[in-house]
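Enquirer: Handing you a structure now.
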Amino acid sequence: MTKRIAVIPGDGIGPEVARAGVRVLETLAKKRNLALAFDWFDYGAERYLRDGTTLPDADIENLRSYDAIFFGAVGDPRVPGGEHARDILLGLRFKLDLYVNFRPCKLYDDSLSPLKGKGQKELDFVIFRENTEGLYTGAGGVFKKGTLDEIAIEEDINTRKGVERIIRAAFAYASERGLKRVCMADKANAMQHSGGLWRRTFSLVKAQYPQIESSVMYIDALAMDLVRRPERYQVIVTGNLFGDIITDLGAALTGGLGLAASANLHPGRLGLFEPVHGSAPDIVGKEQANPLAMCLTGALMLRHLHYPAEATLLEECVARCVREGLRTPDLGGTKRTGEVEARLIQLLEIA
Ligand code: ATP
């Protein structure tokens, strides 16, 4: 059956990397006889500036009929408040209830490691970040704004349901892949109410996975340990804010934004796949955007669409590109977006 993919290239370098990503996926589809159909959508700054629309509710209903969303990036200096980007990306995450932000942190070549003595063998873990609650719901308010007595309150929302489902997703992932270790990170020493809920829920879920070694760490200690001993970690699960920060550390340990892929998931439902990087306005149109983060995002999407062998092949070809020195400036090279894409397509064709 044909898998229908909604492509939302968005703003900035989003369209540049989305075009490359789709061409790469089309090459793979042709070679391996995968039935993939791509429909393009123009949500983004251009459309917002033209007619004021961001992401109409009716369109969300239409998007639900797809098998996956392949998303570039949103953000444009002509919309300094970023309201269209918020509406589009957060709208999709919240309305589709994509509660898992899944971020693999895998080093594709030893030469990219910023850590002395740590290479591909040591740097290979995944992070499950809660994506719909925590400190990012917008709950709270300000009082006496603009005065010296101003009060700003940002509420940290943690529901039993929300905490349990992300922890379950992390354990299910580890169990399905025969992984041995799951670590939960919080700040229960300073934030007792939310920390208590997370720890009690973690204990309850981990009891159902006796074969998995589980641990709980404070987020600050985890940040330090990830740099010192990354090999100790296989699956990390944490809340929205801590996850936001620790996933950037994970990206920096494994080649940076030009190689970092992510998925926003609600297991069993439609997922949204996006590179970690944003619209990078400083390099738009300069052929400097690294398309590999988007291509690795495509591999994540293929795995989710039940094409694991093709996903692995794509990841191997990306690794080979990096090894061969097909590197854009973010990886210290001089290659252009199109050159990296062309070599990746060639590698897939001859694979
Ligand atoms: P946004 O507001 O859309 O998130 P931003 O400028 O804040 O955009 P990013 O776009 O994520 O943040 O990236 C920060 C910088 O990293 C960019 O300005 C760019 O120089 C570099 N960068 C990001 N993605 C890539 C990429 N795919 N290839 C090369 N360089 C990149």
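The values are calculated or read from the model by the stated rules, or taken from the named source; none is laboratory data. This is a predicted model, so every value here is computed, not measured. Here the Cβ is made from the backbone with ideal geometry for all residues, glycine too, and neighbour counts use every protein chain on show. Calculation scope for accessible area: heavy atoms of the full protein, side chains included, ligands and nucleic acids excluded. Shrake-Rupley method; radii C 1.70, N 1.55, O 1.52, S 1.80 Å.
Enquirer: Could you figure out which of (1) in contact (Cβ under 8 Å) with a residue 24 or more places away in the chain; (2) over 23 Å from the mean Cα position of the chain (by Cα); (3) more than 30 Å from H306 (Cβ to Cβ) isn't true of Y209?
Expert: Unmet for Y209, out of (1) in contact (Cβ under 8 Å) with a residue 24 or more places away in the chain; (2) over 23 Å from the mean Cα position of the chain (by Cα); (3) more than 30 Å from H306 (Cβ to Cβ): (3).
A quick yes/no check of all residues on (1) within 16 Å of the ligand (Cβ to nearest atom); (2) in a helix (DSSP H, G or I):
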residue: G298; (1), (2): yes, yes
residue: R303; (1), (2): no, yes
residue: A309; (1), (2): no, yes
residue: L313; (1), (2): no, yes
residue: V318; (1), (2): yes, yes
residue: R323; (1), (2): no, yes
residue: R327; (1), (2): yes, no
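Enquirer: When the residues of the range 277-296 are narrowed to those that are more than 7 Å from the ligand (Cβ to nearest atom) and in a helix (DSSP H, G or I), which ends up surrounded by the fewest Cβ atoms within 10 Å (Cβ to Cβ)?
Expert: L296
Enquirer: On the phi > 0 side of the Ramachandran plot and either touching a Cys at 6+ places or on another chain (Cβ under 8 Å) or at pLDDT 95 or above (or both) - does that describe any residue in the range 292-303?
Expert: At the first step, the residues of the range 292-303 found to be on the phi > 0 side of the Ramachandran plot are none.
Scanning the range 292-303, I find no residue that is on the phi > 0 side of the Ramachandran plot and either touching a Cys at 6+ places or on another chain (Cβ under 8 Å) or at pLDDT 95 or above (or both), so the answer is no.
Enquirer: Being outside any helix (DSSP H, G or I) and surrounded by 14 or more Cβ atoms within 10 Å (Cβ to Cβ) is the filter here, so list the residues in the range 15-39 that pass it. Spell out the reasoning first.
Expert: Kept after step one, since they are outside any helix (DSSP H, G or I), are these residues of the range 15-39: 33-39.
The answer is L34, L36, F38.
Enquirer: Shifting gears a bit: Residue under question is I153, and the condition is that it be in contact with a strand residue (DSSP E or B) (Cβ under 8 Å, 6 or more places away or on another chain) and either farther than 23 Å from A223 by Cα or among the charged types (D, E, K, R) (or both); does it hold?
Expert: Details: in contact with a strand residue (DSSP E or B) (Cβ under 8 Å, 6 or more places away or on another chain): yes; either farther than 23 Å from A223 by Cα or among the charged types (D, E, K, R) (or both): yes.
Yes.
Enquirer: Going through the range 318-351 one residue at a time, which ones are farther than 15 Å from V22 by Cα, of a type in the set (S, T, N, Q) and open to solvent by 60 Å² or more (accessible area, probe 1.4 Å)?
Expert: Hit for the range 318-351 is T334, nothing else.
Enquirer: A further question on this structure: Could you list, in sequence order, all residues of the range 235-276 that are among the hydroxyl-bearing types (S, T, Y) and either within 23 Å of S111 (Cβ to Cβ) or assigned to a loop (DSSP other than H, G, I, E, B) (or both)? Don't jump to the end; show me each part of the working.
Expert: Kept after step one, since they are among the hydroxyl-bearing types (S, T, Y), are these residues of the range 235-276: 238, 247, 254, 262.
Residues satisfying the conditions are T247, T254.
Enquirer: I would also like to ask the following. Kindly evaluate Y233 against the criterion of being surrounded by 13 or more Cβ atoms within 10 Å (Cβ to Cβ), aromatic (F, W, Y) and closer than 29 Å to P308 by Cβ.
Expert: Details: surrounded by 13 or more Cβ atoms within 10 Å (Cβ to Cβ): yes; aromatic (F, W, Y): yes; closer than 29 Å to P308 by Cβ: yes.
Yes, satisfied.
Enquirer: Condition check: hydroxyl-bearing (S, T, Y), within 16 Å of the ligand (Cβ to nearest atom) and under 13 Å from the mean Cα position of the chain (by Cα). Does S262 satisfy that? Write out each step before concluding.
Expert: Working: hydroxyl-bearing (S, T, Y): yes; within 16 Å of the ligand (Cβ to nearest atom): yes; under 13 Å from the mean Cα position of the chain (by Cα): yes.
Judged against the criteria, S262 is a match.
Enquirer: Restricting to the range 40-63, count the residues that are in a loop (DSSP other than H, G, I, E, B) and out of contact with any Leu (no Cβ under 6 Å at 6 or more places or on another chain). Spell out how you get there, then give the answer.
Expert: Applying the first criterion (in a loop (DSSP other than H, G, I, E, B)) to the range 40-63 yields 41-44, 52-56.
Next, from what is left, pick out any that are out of contact with any Leu (no Cβ under 6 Å at 6 or more places or on another chain): 41-42, 44, 52-56.
Here the count works out to 8.
Enquirer: Looking at the range 51-98 only, could you name the residues that are of a type in the set (G, A, S) and surrounded by 17 or more Cβ atoms within 10 Å (Cβ to Cβ)?
Expert: Going residue by residue through the range 51-98, those that are of a type in the set (G, A, S) are 52, 58, 65, 68, 72-73, 75, 81-82, 85, 91.
Answer for the range 51-98, where residues must be of a type in the set (G, A, S) and surrounded by 17 or more Cβ atoms within 10 Å (Cβ to Cβ): A68, G72, A73, G75, A85, G91.
Enquirer: Here is a check on your reading of the model: is R93 within 16 Å of the ligand (Cβ to nearest atom), free of Cβ contacts under 8 Å to residues at least 12 places away in the same chain, within 20 Å of the chain's Cα centre (by Cα) and on the phi < 0 side of the Ramachandran plot?
Expert: Numbers: within 16 Å of the ligand (Cβ to nearest atom): yes; free of Cβ contacts under 8 Å to residues at least 12 places away in the same chain: no; within 20 Å of the chain's Cα centre (by Cα): yes; on the phi < 0 side of the Ramachandran plot: yes.
No: the conditions fail for R93.
Enquirer: Would you mind stating whether G268 is modelled with pLDDT under 95 and more than 16 Å from the ligand (Cβ to nearest atom)?
Expert: In short, yes.
Enquirer: Kindly check whether there is at least one residue in the range 182-195 that is farther than 23 Å from Y136 by Cα and open to solvent by 40 Å² or more (accessible area, probe 1.4 Å). Working first, answer last.
Expert: Start the filter on the range 182-195 by keeping residues that are farther than 23 Å from Y136 by Cα, which leaves 182.
Going one step further and asking which of them are open to solvent by 40 Å² or more (accessible area, probe 1.4 Å), we end up with none.
No - not one qualifying residue is present in the range 182-195.
Enquirer: Assess whether F128 counts as being modelled with pLDDT of 95 or more, surrounded by 20 or more Cβ atoms within 10 Å (Cβ to Cβ) and out of contact with any Leu (no Cβ under 7 Å at 6 or more places or on another chain). Break it down stepwise before answering.
Expert: Details: modelled with pLDDT of 95 or more: yes; surrounded by 20 or more Cβ atoms within 10 Å (Cβ to Cβ): yes; out of contact with any Leu (no Cβ under 7 Å at 6 or more places or on another chain): yes.
The answer is yes for F128.
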